[in-house]
Amino acid sequence: MTLAVTLAACSPGDRGAAEDPEEPAPAGARPLPVPSPACEVTGGLIPSCGAWWGIAPEIFTGLDVEKAVAGAEKRMGAPADIVHVYHRGKELFPTEKEIRLARDPERPRLLLINWKPSLTRTWAEIARGAVDGRIDRLADHLRRTFPERFFLTIHHEPENDVDPGAGSGMRAKDYAAMFRHVVLRLRHKGVKNAVTVMTYMGAPNWAVQPWFEELYPGDDVVDWVAMDPYADHRVHDFGTLVNKTREEFGEWPGFYRWMQWRFPGKPVMVAEWGVFERPDDPAFKRAFFESVRHQIRRYPQIKALVYFDSPYAPRGDTRFDTDEAADKAFTALARDPHFRSTRVPRP
């Protein structure tokens, strides 16, 4: 397998990034770097330098999204470029609060909107038009309320929902057809500002399934590809997070390596990532966040990194500030020039 390394990162350090005297710095931290005017954003929301820094804050806590974002930005001592939010079924998005976050005059943010069109219809039914009225209503809402570009991922992490049985309506091919149908119908109804993201789980056990390649909906309806890896007991640092392997699946090279080979021309997003508490290794979070800062530039195709911040994640506590050392390391990562080189486009 030949792996092509693409989308070489532009190091902000090479451009002599200035520092922002107006951004309050946490105690002992350097001022926040100012984005370089030489770094631009494409129509597909790809930053020409470094990568976007994002967060899904206070998930499963019930906290208001505006308060959650404000609190997370204060806790990590840096603004978020991307805010990850979740919607399902008939819900219209973005909401008024999400729009205010995107249009904040002081620090605009990109929205990464995660939508499951239905929790009761199969993928095959959706592909055949079962929720077209819902899609059309959403398209009308988007046209009227939100012309700004935003990231849209449809039914993220489909792997563990696949039922390969004949007639299930939930085969991998059905997922691809559903994704295509939703995107093409939104476009047909006038939604031109959605930057589409195909989000995989990023786990080796699913990636080696015989139907795995059939999940992909097609280059014409996918702008970015993404993975959602978490630091379980097999993960030691950032490199082993984005390139998880297992001895029992020796043929699998790791998700980032596979994405380089499979999608050499597309930007990669780590749409969710989190570090669980390790009672037997209380320093693990700090060490892991430090590894991200030291290793991120080795993965130039990764153009966005979006943390999943929750005390109630399915397998543990992923809050980044559960202890002072981890909090400091995360703040240093959030303020690193790699994530501060390109300015979020203003509405």
Exercise. Yes or no: His188 buried (at least 22 other Cβ atoms within 10 Å of the Cβ) and within 15 Å of Leu138 (Cα to Cα)?
Worked result: no
Exercise. Inside segment 294-336, can you point out the residues that are more than 19 Å from the chain's Cα centre (by Cα), assigned to a loop (DSSP other than H, G, I, E, B) and closer than 28 Å to Ser36 by Cα?
Worked result: none
Exercise. Which pairs do you get when a residue that is more than 19 Å from Phe289 (Cα to Cα), found in segment 324-347, comes within reach of a residue that is in a helix (DSSP H, G or I), reach meaning Cβ atoms under 7 angstrom, with the pair 6+ apart or on two chains?
Worked result: Ser341/Pro12; Pro347/Ala102
Exercise. Across segment 164-194, what is the number of residues that are free of Cβ contacts under 8 Å to residues at least 12 places away in the same chain and either under 22 Å from Met259 (Cα atoms) or touching a strand residue (DSSP E or B) at 6+ places or on another chain (Cβ under 7 Å) (or both)?
Worked result: 0
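I'd like to verify a number: residues in segment 151-181 that are in a strand (DSSP E or B) and in contact with a Phe, Trp or Tyr (Cβ under 6 Å, 6 or more places away or on another chain), how many?
1
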Exercise. Does at least one position in segment 93-102 carry a residue that is touching a helix residue (DSSP H, G or I) at 6+ places or on another chain (Cβ under 6 Å) and open to solvent by 50 Å² or more (accessible area, probe 1.4 Å)?
Worked result: yes
For this session: Go through (1) charged (D, E, K, R); (2) open to solvent by 30 Å² or more (accessible area, probe 1.4 Å); (3) within 25 Å of Pro33 (Cβ to Cβ) and name the single condition Arg109 misses.
Result: (2)
Exercise. Are any of the residues in segment 218-232 among the charged types (D, E, K, R) and at pLDDT below 95?
Worked result: yes
For this session: Scan segment 309-334 for residues that are surrounded by 21 or more Cβ atoms within 10 Å (Cβ to Cβ) and closer than 14 Å to Ala72 by Cβ and jot them down.
Result: Asp309, Thr318, Arg319, Phe320, Phe330, Thr331, Leu333, Ala334
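Conditions (1) open to solvent by 30 Å² or more (accessible area, probe 1.4 Å); (2) of a type in the set (A, V, I, L, M, F, W, C); (3) farther than 26 Å from Val83 by Cβ, marked per residue:
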residue	(1), (2), (3)
Gly133	yes, no, yes
Phe150	no, yes, no
Glu159	no, no, no
Pro164	yes, no, yes
Gly169	no, no, yes
Ala172	no, yes, yes
Ala177	yes, yes, yes
Exercise. What number of residues within segment 237-274 are within 26 Å of Thr196 (Cα to Cα) and β-branched (Val, Ile, Thr)?
Worked result: 3
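Here's a check for you: in segment 259-277, which residue that is hydrophobic (A, V, I, L, M, F, W, C) and open to solvent by 10 Å² or more (accessible area, probe 1.4 Å) is farthest from Ala56 (Cα to Cα)? Steps first, answer last, please.
The initial filter retains those residues of segment 259-277 that are hydrophobic (A, V, I, L, M, F, W, C), namely 259, 261, 263, 268-271, 273, 275-276.
Still in the running and open to solvent by 10 Å² or more (accessible area, probe 1.4 Å): 261, 276.
Numbers: Trp261: 28, Phe276: 15 Å.
Of everything passing the filter in segment 259-277, Trp261 is farthest from Ala56 (Cα to Cα).
Please enumerate the residues belonging to segment 63-79 that are on the phi < 0 side of the Ramachandran plot, open to solvent by less than 30 Å² (accessible area, probe 1.4 Å) and touching a residue at least 60 places away in the same chain (Cβ under 8 Å).
Taking segment 63-79 as the starting set, the residues that turn out to be on the phi < 0 side of the Ramachandran plot are 63-76, 78-79.
Checking the rest, the ones that are also open to solvent by less than 30 Å² (accessible area, probe 1.4 Å) come to 68-69, 71-73, 76, 78-79.
Across segment 63-79, the qualifying residues are Ala72, Met76, Ala78.
The values are calculated or read from the model by the stated rules, or taken from the named source; none is laboratory data. Source: prediction; values computed, not measured. We place every Cβ from the backbone using ideal geometry, glycine too, and count neighbours over all the protein chains shown. Accessible surface is based on the protein model in full, side chains and every heavy atom, while ligands, DNA and RNA are left aside. Shrake-Rupley method; radii C 1.70, N 1.55, O 1.52, S 1.80 Å.
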